[in-house]
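Structure, as C-alpha cells:
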Amino acid sequence: MSDWFVQTNRSSTGLRGTLRAVLISLLLCGITFTAQASNRDIGWLVFSEVNHKHWVPSYDENDSSKLIVAPKTLPAADQLHKILVIVAKKSGSYQLAMNRLLEVFQQEQFLSEFEVININRDEAVGRQLLNSAKQNGFDLVFTMGSEAAALVHRYYKNGPLPVVTSINKDPVTLGQVSSYKEGTGTNIATTTLNVPIDIQLNYLFELNPGLKHVALLYNQNHKQVVKTEVRPFRKAMEAQGIRVIDVTVNSREEARAQLTRGLPEAVKALEDLDPSLRHSLMWMTSSTAIFSNLDMVSELSNGIPIVSTNPNAVREGRQSAAVAIGIDRRNNAHLAAVYALRILRDGVDPGSLEVGVVTPPDIALNFLVARELGLKVPFTFLEGADFVYGYRGELVRSFGRNL
C-alpha cells in the first residue's frame with residue numbers, strides 16, 4: 001500500500017488529470033442519459049379543463065414515456081376498449097390532437113382507456129409496442145405524426161389490430177395509398193393533413209387571379225414536406241407558367257440566420273419582376289423551421305402577402321400570415337377519432353375507409369394584415385372561413401363560430 005502512495009505522489013498531476021477525465025466522462029454520460037430520458041418524457045401532454053372533468057390521466061412512475069388515460073366512470077371490464085396511442089416525439093400538435101380525441105369519445109359516450117407512449121423516434125421501441133399490442137389487450141392502435149404513421153405502414157401492414165393514423169403528411173403523395181378515393185385494403189385507415197393540391201390552387205387563384213410569381217418557403221431537409229407540399233406545388237405552378245423562387249433553410253437551429261439572408265434576396269427578386277407586387281405572394285409551407293419563425297417572415301416580407309398551408313400561421317396581430325388554406329390539426333384529429341369509432345363501434349373494415357381529408361379545407365383570415373397589404377379577400381373566403389381575425393387583429397371567429 002505504501003508503494004501505491006509513493007507512486008501517487010510522484011505522478012499526482014497525471015492521476016488528477018486521469019480522475020478529472022473519468023469524472024467528466026461520467027458526468028457527460030449522466031447528461032446524455034438524462035437528455036434521452038427527457039426526450040422520451042410524456043409529461044408535456046396536458047389536458048384541457050373539459051377533459052379533466054371526464055378523464056383521469058395517470059403518469060407511470062417507472063416509465064416517463066407512458067401515460068394512461070381512463071374515463072372517470074369505468075364500465076364493466078368487458079365493455080372497456082383499450083387503445084394504444086403512439087407518438088414519435090414531443091409536439092404541441094399531438095397535445096391538441098389528444099385532447100380532441102378524448103372530446104370526441106366523450107361526446108359519443110364510447111368509454112375507452114388510452115395508453116399513450118412517446119417512442120422518441122426509436123423505431124425499435126415502436127416495433128416492440130406493435131408486436132405486443134394484441135397480447136397486451138389493446139383493441140386499436142392510433143398513431144400521431146408522420147413518423148408514427150410511417151412505422152405502421154412499414155412494419156404493421158395487415159397486422160392483427162386495426163390502426164388509424166392522424167396528424168400525418170399526405171399518404172397518397174408518399175405512396176402509402178393509391179388515391180384519395182380508396183382505402184389501403186389493409187388493417188390501416190389513414191387521414192391526411194394536406195389539402196389536395198388542385199383544391200388548394202383553386203382557392204389561391206381566386207385570391208389572386210393575376211398571380212405570376214411566388215416565393216416558396218420551406219425546410220429543404222424536411223423530406224415529407226418536400227414530397228407532399230413543395231414538389232406538388234412547384235409542379236402545379238410551373239404548369240401555369242408561374243415563376244417560383246425558393247427560400248430554403250436547413251434546420252430549426254439555422255433557420256433565422258438563413259431567413260435573414262434568403263428573404264431579402266427573394267423580396268428583391270420579386271420586386272424586380274413585379275414592381276407593384278400585385279402579382280406576387282409568399283407561400284409558406286408547414287415546415288416547423290419556417291412556421292416557428294413567422295415573426296421574422298412577417299417583418300421581412302416587405303408588403304408581400306403571406307399565404308400558408310397551416311391555419312395556425314394566421315394569428316392575432318400583425319405577425320401573421322394574411323390567409324391560410326389548410327387543415328387545422330384539431331379537425332384532422334376529430335376526423336381520425338370518428339374513423340376509430342366507426343371501426344370499434346360499428347365494425348367498419350379500416351382498409352375500406354378512404355383517405356380522411358377535411359373538406360372543405362380550413363380557411364383562416366387576418367383582416368388587419370390583409371387591409372394593410374391592400375389584399376382583397378373574396379367574400380366566399382369569409383363565408384367559409386373557420387378562423388377570422390378582425391380589422392384590429394383580434395379573433396372574431398373560431399372553428400366557424402362567431403365570438
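For K53, list the aspartates and glutamates whose Cα falls under 18 Å from its own Cα; do not include residues on the same chain fewer than 8 positions away.
Cα-Cα hits under 18 Å: E103, E108, E113.
Going by amide H atoms built from the backbone, whose H comes under 5 Å of the H on S308, apart from near neighbours?
Long-range HN contacts for S308: M284, V323, A324, I325.
For the chain, what is the percent of antiparallel DSSP beta bridges, rounded to the nearest 5?
Taking every DSSP beta bridge within the chain, about 30 percent pair in antiparallel fashion.
Sort the chain into rounded, prolate or oblate with this rule: let a ≥ b ≥ c be the square roots of the eigenvalues of the Cα gyration tensor; rounded if a/c is under 1.5, and if a/c is not under 1.5, prolate when a/b is larger than b/c, oblate otherwise.
oblate
Which whole-number percent is the relative contact order of region 27-147 (Cα, under 8 Å, 6+ apart)?
31 percent
Once phi is turned into ³J(HN,Hα) by the Karplus curve 6.51 cos²θ - 1.76 cosθ + 1.60 with θ = phi - 60°, what whole-Hz value does each residue of region 235-252 show in order, with x for glycine and proline?
Calculated HN-Hα couplings, in order: 4, 5, 5, 5, 5, 8, x, 9, 6, 10, 10, 7, 10, 10, 10, 9, 6, 5 Hz.
Over 13 Å apart: what share of the alpha carbon pairs of region 103-165 falls there, rounded to a whole percent?
64 percent
Going by amide H atoms built from the backbone, whose H comes under 5 Å of the H on E113, apart from near neighbours?
Correct list: H81, K82, I83.
What's the longest bit of the chain with no exposed chymotrypsin sites (Phe, Trp or Tyr not before Pro), using DSSP loop states and at most 13 other Cβ atoms within 10 Å as the test?
45-390
With just the Cα atoms of region 229-387, tell me how far they stretch along each of the three principal axes, in Å, largest first.
59, 36, 33
Using square roots of five times the C-alpha gyration tensor eigenvalues, list the equivalent-ellipsoid semi-axes of region 260-347 in whole Å, biggest first.
Value: 36, 12, 11 Å, ordered largest first.
Once phi is turned into θ = phi - 60°, what whole-Hz ³J(HN,Hα) does the Karplus curve with 6.51, -1.76 and 1.60 give for every residue of region 359-376, x standing for Gly and Pro?
My calculation for region 359-376 gives 10, x, x, 7, 9, 10, 10, 10, 6, 4, 5, 4, 5, 5, 8, x, 8, 8 Hz in order.
Which of the pairs K82/K134; K82/K181; K66/K89; K89/K181; K134/K157 have their Cα atoms more than 19 Å apart in this structure?
Pairs exceeding 19 Å: K82/K181; K89/K181.
If the only charges are +1 at each Lys and Arg Cβ and -1 at each Asp and Glu Cβ, what is the size of the charge dipole of the chain around the Cα centre, to the nearest 20 debye?
600 debye
With each label point set 7 Å from Cα along the Cα-Cβ vector, what nm distance links F399 and V50?
Each label point is offset 7 Å from its Cα along the Cβ direction, giving 0.4 nm.
If you take the square roots of the eigenvalues of the alpha-carbon gyration tensor of region 194-295 and sort them as a ≥ b ≥ c, do you get rounded (a/c under 1.5), prolate (a/b over b/c) or oblate?
Oblate shape, in that a/c is at least 1.5 and b/c is the bigger or equal ratio.
For region 72-117, with only Lys/Arg (+1) and Asp/Glu (-1) charged at the beta-carbon, what is the dipole magnitude about the Cα centre, in debye rounded to 20?
That gives region 72-117 a dipole magnitude of about 280 debye.
Where does each of 171-179, 84-92 land if you order them by average Cβ count within 10 Å, highest first?
My ranking of the peptides, most packed first, is 84-92, 171-179.
So which trypsin sites (Lys or Arg not before Pro) in region 359-403 pass both tests, a DSSP loop state and at most 16 other Cβ atoms within 10 Å of the Cβ?
K376, R392
Cut-off 12 Å, label point 7 angstrom out along Cα-to-Cβ of E206: give me the residues of region 281-300 whose amide nitrogen falls inside.
Label zone hits: none.
Give me the distance in nm between label points sitting 7 Å out from Cα along the Cα-to-Cβ direction at N62 and Y155, one decimal.
In this crude spin-label approximation the distance works out to 2.3 nm.
Give, rounded to the nearest 20 debye, the magnitude of the charge dipole that region 48-138 has about its Cα centre when Lys and Arg contribute +1 at Cβ and Asp and Glu contribute -1 at Cβ.
Charge dipole, region 48-138, about its Cα centre: 200 debye, nearest 20.
Only the coordinates and a few stated rules stand behind these numbers; no lab work does. Quick caveat: nothing in here was measured; it's all calculated off a predicted structure. Reconstructed Cβ throughout: ideal geometry from the backbone, glycine too, with neighbour counts over all protein chains shown.
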